[in-house]
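The structure appears right after this line, and notes come after that.
The values are calculated or read from the model by the stated rules, or taken from the named source; none is laboratory data. Please read these numbers as outputs of a predicted model, since none were measured by experiment. Counting neighbours? That spans all protein chains shown, and the Cβs are built from the backbone with ideal geometry, glycine included. Note: areas computed on protein heavy atoms with side chains; ligands, DNA, RNA excluded. Shrake-Rupley method; radii C 1.70, N 1.55, O 1.52, S 1.80 Å.
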Amino acid sequence: MRHHFSPIDTIVSHWYYIIMPPKLREIIALLKQAGFTDRGGKGSHRNFTHPNCTMPVTISGNPGDDVKPYQERLVQKVIEESKR
């Protein structure tokens, strides 16, 4: 089993990000766990919506791809916004 990270922590600050960055499937699971709904998308893009968020969140890439730092920051931001 891979590591489990909290959306509150930044992945970049963890030592394991340098060794093995998380995969997109992990942040997709976090979005679903936070109550986001996958609306689907074209190609490798997925759109997620939440009743408390104003704009949909688009995640691009295949589930096995590494998370890019901007994607990780975006997911943290929208999960915090969804809690308000």
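Of everything listed in (1) of a type outside the set (Val, Ile, Thr); (2) at pLDDT below 90; (3) touching a strand residue (DSSP E or B) at 6+ places or on another chain (Cβ under 6 Å), the single unmet condition for Phe36 is (2). Restricting attention to the stretch 68-84 and to residues that are of a type outside the set (S, T, N, Q) and touching a strand residue (DSSP E or B) at 6+ places or on another chain (Cβ under 7 Å), the residue that is least open to solvent (accessible area, probe 1.4 Å) turns out to be Val78.
Which of the residues spanning the stretch 42-67 are open to solvent by 50 Å² or more (accessible area, probe 1.4 Å) and over 18 Å from Glu26 (Cβ atoms)? Within the stretch 42-67, Lys42, Gly43, Pro51, Asn52, Thr54, Met55, Pro56 meet the criteria.
For the stretch 35-75, the set of residues classified as more than 19 Å from Lys23 (Cα to Cα) and in contact (Cβ under 8 Å) with a residue 40 or more places away in the chain consists of Gly35 only.
Scan the stretch 44-65 and tell me whether some residue there is modelled with pLDDT under 90 and outside any loop (DSSP other than H, G, I, E, B). Within the stretch 44-65, not a single residue is modelled with pLDDT under 90 and outside any loop (DSSP other than H, G, I, E, B).
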